[in-house]
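Asker: Quick one: the structure is below, questions incoming.
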Amino acid sequence: MLTQVADGVHVHESECIQSNAVVVEGDSGVLLIDPGITAAEMAGIAAELRERGLAVAAGFATHPDWDHALWHPDFGDAPRYGTADCAAALDALLAQPDWREQMAAGLPPEFAEDIPLELFGRLTGLPAGTGLVPWDGPRVRIVEHRGHAPGHAALLVEERGVLAAGDMLSDILPPFLDLETADPVGDYLAGLALLEDVADRVVKVVPGHGSVCGAEGMRARIALDRAYSTSLRDGTAHDDPRIGPGAPLDWMTDVHGWQQEALAEKAREAE
């Protein structure tokens, strides 16, 4: 079910890791951001759009993680966009003969059988430096960085003050760093700084996973993510409610430990 968060902007929250699909109404249809997760949920979104007399005019994947680059035949053959680096990462994955096996290993087992991969990752990469999503609707600003994944982009619906944050600013997931870069923590902090730069223009934030928040909540989440990222870099203690006893997802403690170990190994290699 679509929930309105601003004029002409709606969100569907999946049962899978509270994943959020964002629908932005335009003049000739909607922009569908990070649709997902299950086939049943995506078919439901498509059906609700038809009931409202709306077609999908364009799609956008905020980054190349599997849960953000899905698609369903009921959405039609509208162009699907991502940043150049996002599309390149997906092209490289899809070129591997065992990409389905690689994907299957990372899918949540309770949802795996209902996650459609037939149209996964088929994006058109926008030229580097593209500032706006090319579509017939409200101006949607692309805020690109590499805080979480190659070509990660938050999308700011400027006329509505809504930020689709991708895998940033979540109240249930701590920062997941892109550990393939030379400076994972530095990249994440730089991404947070870019989001902070547009905070005065934001009324609502829709994270890729978790609950929608307002402007005050956005600044609080930036501060929390910055503190957590800094603690990873410096090896200091953290007091993050998304990790440890009482956290929304109990497996976050394992992710935290894994990131600590990976950063320590990277530091040893650099010595």
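The values are calculated or read from the model by the stated rules, or taken from the named source; none is laboratory data. Bear in mind the structure is a predicted one, so any value in this text is a computation, not a measurement. Note: ideal-geometry Cβ built from the backbone for every residue, glycine included; neighbour counts use all protein chains shown. For the accessible areas, the whole protein counts, side chains as well, though only heavy atoms, and no ligand, DNA or RNA atoms are used. Shrake-Rupley method; radii C 1.70, N 1.55, O 1.52, S 1.80 Å.
Asker: Pairs, please: C-beta under 9 Å, at least 6 apart or cross-chain, first residue free of Cβ contacts under 8 Å to residues at least 40 places away in the same chain and in segment 70-82, second open to solvent by 10 Å² or more (accessible area, probe 1.4 Å) and part of a loop (DSSP other than H, G, I, E, B)?
Answerer: Gly76/Ala55
Asker: Between Gly36, Gly29, which is closer than 28 Å to Leu249 by Cβ and small (Gly, Ala, Ser)?
Answerer: From the options Gly36, Gly29, the qualifying one is Gly36.
Asker: If Ser170 satisfies all but one of (1) part of a helix (DSSP H, G or I); (2) closer than 29 Å to Ala262 by Cα; (3) among the small types (Gly, Ala, Ser); (4) touching an Asp or Glu at 6+ places or on another chain (Cβ under 9 Å), what's the number of the condition it fails?
Answerer: Tallying (1) part of a helix (DSSP H, G or I); (2) closer than 29 Å to Ala262 by Cα; (3) among the small types (Gly, Ala, Ser); (4) touching an Asp or Glu at 6+ places or on another chain (Cβ under 9 Å), Ser170 fails exactly one: (1).
Asker: To continue, here is another question. Consider Pro108 against the criteria (1) within 20 Å of Ala154 (Cβ to Cβ); (2) under 20 Å from the mean Cα position of the chain (by Cα); (3) surrounded by fewer than 22 Cβ atoms within 10 Å (Cβ to Cβ); (4) touching a residue at least 24 places away in the same chain (Cβ under 8 Å): it satisfies all of them except one. Which criterion is unmet?
Answerer: Unmet for Pro108, out of (1) within 20 Å of Ala154 (Cβ to Cβ); (2) under 20 Å from the mean Cα position of the chain (by Cα); (3) surrounded by fewer than 22 Cβ atoms within 10 Å (Cβ to Cβ); (4) touching a residue at least 24 places away in the same chain (Cβ under 8 Å): (1).
Asker: Which residue is nearest to the chain's Cα centre (by Cα), if the candidates are limited to segment 238-271 and must be under 16 Å from Leu177 (Cβ atoms), open to solvent by 80 Å² or more (accessible area, probe 1.4 Å) and not charged (D, E, K, R)?
Answerer: Checked segment 238-271; the qualifying residue nearest to the chain's Cα centre (by Cα) is Trp258.
Asker: Does segment 27-79 hold any residues that are part of a helix (DSSP H, G or I), under 13 Å from the mean Cα position of the chain (by Cα) and of a type in the set (Asp, Glu), and which are they?
Answerer: Within segment 27-79, just Asp67 meets the criteria.
Rundown of residues vs (1) open to solvent by 20 Å² or more (accessible area, probe 1.4 Å); (2) touching a helix residue (DSSP H, G or I) at 6+ places or on another chain (Cβ under 7 Å); (3) among the hydroxyl-bearing types (Ser, Thr, Tyr); (4) over 17 Å from Asp34 (Cβ atoms), yes/no style:
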residue	(1), (2), (3), (4)
Asp77	yes, no, no, yes
Ala87	no, no, no, no
Ala95	yes, no, no, yes
Pro138	no, no, no, yes
Leu156	no, yes, no, no
